[in-house]
Amino acid sequence: MWAGGITLPHSEVLRIMGVRKRYGQVQAVDGIDLTIDPGGIFGLLGPNGAGKTTTLEMIEGLRKPDAGQIRYGEWDLLHHQKVARERFGVQLQTSAFFELLRVDETIDLFASFYARTLPRDQLIDRFGLQEKRSAYVQNLSGGQRQRLAVAVALVNDPEVVFLDEPTAGLDPQARRNVWDSVRQLRGEGRTVVLTTHYMDEAEALCDRLAVMDHGHILDEGSPQELIQRHRPGAMIELDPSVPIADDLQLPSLQRVQRDALATALMTERLDETLAGLVMWAREHDVPLTGLRTRSATLEDVFLHLTGRSLRD
Ligand code: ATP
């Protein structure tokens, strides 16, 4: 629980209905509907330019939609901007910080915008910045900057916290530290809405996900639901040099998929297809070079839904 023992007001349901935003010729967000339940971690997953940041900024009240409604509980946020300002916390890009302010001064600066704030020292302790309290922002590591950014997003004790790519560019250990902080926010009853490019992050952190591309929501659900819906079953992978024909007949084999790194046999029943493959290889004297099996992941779902990998 939150060390200060502060009881949080309950967060409310966020509803995004028919929201659109165009910049000149670019339809950045093209009529999206989302319902974000309180108290969980909701992820917007999509490649560069999908419209994730624009969507977050409209919910946060930083950009005005061209059309549609955004409601937080009973409030229409387009007409009650004060509600978003008081109850939402927004993680700024770390480039928005003043390099020549100290960590404690940075938190004080952002706290000065709000009537109700969490104590600065609690935020510093909680995000492991004690030793950097008096350091200039310009001397922080990438991970420390990100933790400061999440600390600043919490300064007004928000019900909903928005994090735009909270672990971009961090090393694996620093990413895990940020994940722990994000889980802690959920543990306190806050709602977290985040964007990410990273599949493992979405799978590890998010209770629900919306997959976004070209301004549309392609599908929504828990990571497991999305995997079940779009990529049930498993995969047998082989080196691309193994001569597998597209119309190879094996028990329970759904289809053959290729890329530069592997030939993948998608199957509903791994045991049956694998047994059939081994028999076929013996009969035809084909070595099964690089044979490995794996379950479907969000990456496969994403490829299926968008036709491209997240990092294209
Ligand atoms: P990224 O992961 O790269 O941050 P994103 O999914 O957050 O991408 P947005 O930043 O919302 O996507 O951008 C959606 C589209 O709108 C892109 O084509 C982008 O170039 C365009 N865009 C975003 N902001 C502006 C702006 N201020 N003016 C003009 N076009 C913009």
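The values are calculated or read from the model by the stated rules, or taken from the named source; none is laboratory data. For clarity, every value in this text was computed on a predicted model and none was experimentally measured. Don't worry about glycine lacking a Cβ; one is built from the backbone with ideal geometry, like all the others, and counts go over all protein chains shown. Just so you know, the surface numbers come from the protein's heavy atoms only, side chains and all, with ligands and any DNA or RNA stripped out. Shrake-Rupley method; radii C 1.70, N 1.55, O 1.52, S 1.80 Å.
Quick check, is Glu201 farther than 15 Å from Phe127 by Cβ and acidic (Asp, Glu)?
yes
Residue-wise test of (1) within 16 Å of the ligand (Cβ to nearest atom); (2) under 30 Å from Arg133 (Cβ atoms); (3) acidic (Asp, Glu).
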site	(1), (2), (3)
Met17	no, no, no
Ala28	yes, no, no
Phe42	yes, no, no
Gly49	yes, no, no
Met58	yes, no, no
Lys64	yes, no, no
Tyr72	no, no, no
Val83	no, no, no
Val103	no, yes, no
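For the range 1-107, which fully contained strands (runs of 3 or more DSSP E) count at least 3 residues that are of a type in the set (S, T, N, Q) and within 29 Å of Gly187 (Cβ to Cβ)?
Fully inside the range 1-107 and qualifying: nothing.
Kindly check whether there is at least one residue in the range 110-133 that is open to solvent by less than 60 Å² (accessible area, probe 1.4 Å), outside the structural domain of Arg190 (by TED's automatic domain parsing) and among the basic types (Lys, Arg).
yes
State whether the residues of the range 33-41 include one that is buried (at least 21 other Cβ atoms within 10 Å of the Cβ), out of contact with any Leu (no Cβ under 8 Å at 6 or more places or on another chain) and among the hydrophobic types (A, V, I, L, M, F, W, C).
Checked against the condition, which is being buried (at least 21 other Cβ atoms within 10 Å of the Cβ), out of contact with any Leu (no Cβ under 8 Å at 6 or more places or on another chain) and among the hydrophobic types (A, V, I, L, M, F, W, C), the range 33-41 yields no hits at all.
Might you let me know whether the range 95-105 holds any residue that is loosely packed, with under 15 Cβ neighbours inside 10 Å, touching a residue at least 12 places away in the same chain (Cβ under 8 Å) and of a type in the set (Phe, Trp, Tyr)?
Yes, the conditions are met somewhere in the range 95-105.
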